[in-house]
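Since the structure comes first, as structure tokens, the remarks are kept for the end.
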Amino acid sequence: MHDQKESCNLLKEPRLVVRKFLARPQHEGLGAIVRRSIGRFELKYFDPFLVLDEFSVTAPAGFPDHPHRGFETVTYMLQGSFTHEDFEGHKGTIGAGDLQWMTAGRGIVHSEMPAAQGTQKGLQLWINLSSKHKMIEPRYQEILSKDVAEAIKDGIKVRVIAGEALGTKSPIYTRTPTMYLDFTLKPGAHLQQPVPISWNAFIYVLEGEGIFGNTKSSPTAAHHLLLLGTGDGLEVWNKSSKPLRFILVGGEPLGEPLVQFGPFVMNTQEEIDQTIDDFENYVNGFEKARHWRSESNLSLDY
């Protein structure tokens, strides 16, 4: 009883759901299907988050050679595997449960293509970088599924992609302070997860259905994005007969101006114009793009 009382007092002001979207399938890249929830017309930006895609790709579809500048991409595989390759010679494959945290910084050109038969599924999150970090050198942080921090307690399993949950921390370094938690709740489980008060936070439901924020809320099913209001954390109940799986993502808002042109995200239109110039002329971070094409791109039959 004492433990139960302690858990009840974990949050003083649980965050409530303030907006809810169903992410509908759309085409992206070369024949890929994505369910985009952030970065669409109803929700262009949720500071510091630019895009959240749940992707589903079957070869020969994929994301051939394309550039980025000014933000980070976080790719988290749910099923199958992807091969990524960039103009720095960085190449590898990420499989189910693996994580790639790429800081594009001043510039990267890369490809992301299926590495296995069947359908590859995963999530890609774009996190904005502050003006002081936009032009840093690119870097990668990669974690295999077996090395992702995990904790299990009271019918709750969490994979800690970034941040901390159930006393377990991720080794990922986040330039824009971020938490990224993959929760699975057994039927009957109840979760209380602290979130820093000043941060923006959202939920994306992957499987099952759950009650978020308030016991009186109606259940929310897969492929829905829930934006959370103010408070010190999230409260969730799984009152269904099946497991509930969702991600909870939170980040410190940058509060800076934003100008986006496709895969380039800067603070002013002048910086975007400069980025387009840099990319077209292979300078200022894009030098290696002039003579580079990925192996997957070279094999495409145009």
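The values are calculated or read from the model by the stated rules, or taken from the named source; none is laboratory data. Keep in mind the model is a prediction, meaning the values are calculated, not measured. Every residue, glycine as well, gets a Cβ built from its backbone with ideal geometry; the counts of neighbours run over all protein chains shown. SASA here: full protein model, heavy atoms, side chains in, ligands and nucleic acids out. Shrake-Rupley method; radii C 1.70, N 1.55, O 1.52, S 1.80 Å.
The alpha-carbon of Lys146 sits under 16 angstrom from the alpha-carbons of these aspartates and glutamates, leaving out residues fewer than 8 places away in its chain: Asp98, Asp182. For Ser145 and Asn214, the difference between the fully extended length at 0.36 nm per residue and the C-alpha to C-alpha distance is 21.6 nm.
Considering Cα pairs under 8 angstrom that are at least six residues apart, work out the relative contact order of the stretch 79-196 and quote it in whole percent. Intermediate results must be reported in sequence, preceding the final value.
Working: 207 pairs, mean separation 25.5, N = 118.
The normalised contact order for the stretch 79-196 reaches 22 percent.
Each label point was placed 7 Å from the Cα along the Cα-to-Cβ direction; for Tyr173 and Gln117 their separation is 4.2 nm.
For the stretch 182-234 versus the stretch 20-45, the spacing of their alpha-carbon centroids is 20 Å. Using a probe of 1.4 Å on the protein chains alone, the accessible area found for Arg35 is around 60 Å². The residues of the chain present an accessible area of 46 Å² per residue when probed at 1.4 Å with all protein chains retained.
Note: relative contact order over the stretch 1-130, using C-alpha pairs below 8 Å and six or more positions apart, is 28 percent.
Shape class for the chain: prolate, because the ratio a/c of the largest to smallest gyration tensor axis (alpha-carbon atoms, square roots of eigenvalues) is 1.5 or more and a/b beats b/c. Measuring from a point 7 Å past the Cα of Arg24 along Cα-to-C-beta, which residues in the stretch 41-56 have an amide N at less than 14 Å? 41-43, by backbone N distance to the label point.
Length available on full extension from Lys242 to Lys12: 0.36 nm per residue minus the Cα-Cα distance, which gives 79.9 nm.
Ignoring ligands and nucleic acids, what accessible area does Lys44 show with a 1.4 Å probe (Å², nearest 10)? Counting only protein heavy atoms, Lys44 exposes about 130 Å² to solvent.
Taking Cα atoms, how many degrees apart are the long axis of helix 269-281 and the longest axis of the chain, rounded to 10 and kept between 0 and 90? Taking the Cα atoms of the chain, the angle to 269-281 is about 50 degrees.
Exceedance of the 25 Å cut-off in Cα-Cα distance is limited, within the set Lys91/Lys169; Lys169/Lys288; Lys132/Lys157; Lys91/Lys134; Lys20/Lys242, to Lys91/Lys169; Lys169/Lys288; Lys132/Lys157. Of the solvent-accessible surface of the chain, computed with a 1.4 Å probe and all protein chains present, 52% belongs to carbon and sulfur.
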